[in-house]
1. Can you go through Gln23, Gln19 and tell me which one is farther than 30 Å from Ser151 by Cβ, in contact with a Lys or Arg (Cβ under 7 Å, 6 or more places away or on another chain) and modelled with pLDDT under 95?
2. Would you please name the residue that is farthest from Gly52 (Cα to Cα), looking only at residues in the range 1-41 that are surrounded by 12 or more Cβ atoms within 10 Å (Cβ to Cβ) and either touching a residue at least 40 places away in the same chain (Cβ under 8 Å) or under 40 Å from the mean Cα position of the chain (by Cα) (or both)?
3. Could you check the range 87-104 and list, in sequence order, the residues that are touching a residue at least 40 places away in the same chain (Cβ under 8 Å), assigned to a helix (DSSP H, G or I) and not hydrophobic (A, V, I, L, M, F, W, C)?
4. When you scan the range 105-138, how many residues do you find that are in a loop (DSSP other than H, G, I, E, B), of a type outside the set (Val, Ile, Thr) and closer than 18 Å to Thr149 by Cα?
5. Picking from Glu51, Glu87, which residue would you name as being acidic (Asp, Glu) and over 30 Å from Gly143 (Cβ atoms)?
6. Select from the range 43-62 the residues that are assigned to a loop (DSSP other than H, G, I, E, B) and charged (D, E, K, R) and list them in ascending order.
Amino acid sequence: MKLEILQPAKGSVRDNTRQGRGQGSGGGGTARRGHKGARSRSGYSSKRGFEGGQMPLQRRLPKFGFNNINRVGFKGINLDTIQALVEKTGVSTIDLKFLKEHGLMAKTDLIKVLGRGELTSKVTISVNAFSKSAISAIEKLGGAAIVVTKSVSADSNTNDGVQPE
């Protein structure tokens, strides 16, 4: 097969129609835009959600609740994920920097270790929060659960903000 003989399938490509070029073209006069009104004029673009003056859907529907600006959202990482990471890398200490390097969090994420799965290795974990079941599973094997108040984006050389639980 030669590249110069390739062509689209028959009927899949239509010719462009030239609008506003006389009555004989079929798209002359109003150029298929109708008569008058904003939509017929050049430069027209409708606002998002605009329904021609009718009350828009976004305003017709009732509103519920609110977004709390003080909410702190954590990204959860379960014990089975940590166990898989320990088996894969062979480390005994896991912190925010380590999780970021292995693609389990973004720079600004806050991490909470959750208790799903089983932990079989002794490991020291330094993250932003722990569930009660995760703490008991970690400490049962002789590991440590350390709560850190800083994120990865903060200076990681200082030990400020680390409080053993």
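The values are calculated or read from the model by the stated rules, or taken from the named source; none is laboratory data. Quantities reported herein were computed from a predicted structural model and do not represent experimental measurements. A quick note on method: Cβ atoms are made from the backbone with ideal geometry, for glycine too, and the neighbour counts reach across all protein chains shown.
1. Details: Gln23 fails: in contact with a Lys or Arg (Cβ under 7 Å, 6 or more places away or on another chain).
Criteria check complete, one pass: Gln19.
2. Arg33
3. Within the range 87-104, Lys97, Lys100 qualify.
4. Going through the range 105-138, the residues in a loop (DSSP other than H, G, I, E, B) turn out to be 105-110, 115-123, 128, 131.
Within this subset, residues satisfying the condition of being of a type outside the set (Val, Ile, Thr) are 105-107, 109-110, 115-119, 121-122, 128, 131.
Retained after the next criterion (residues that are closer than 18 Å to Thr149 by Cα): 105-107, 109-110, 128, 131.
The total comes to 7.
5. Values: Glu87 fails: over 30 Å from Gly143 (Cβ atoms).
It is Glu51.
6. Our first condition is that a residue be assigned to a loop (DSSP other than H, G, I, E, B); within the range 43-62, this holds for 43-56, 61-62.
Listed by number, the residues that qualify are Lys47, Arg48, Glu51.
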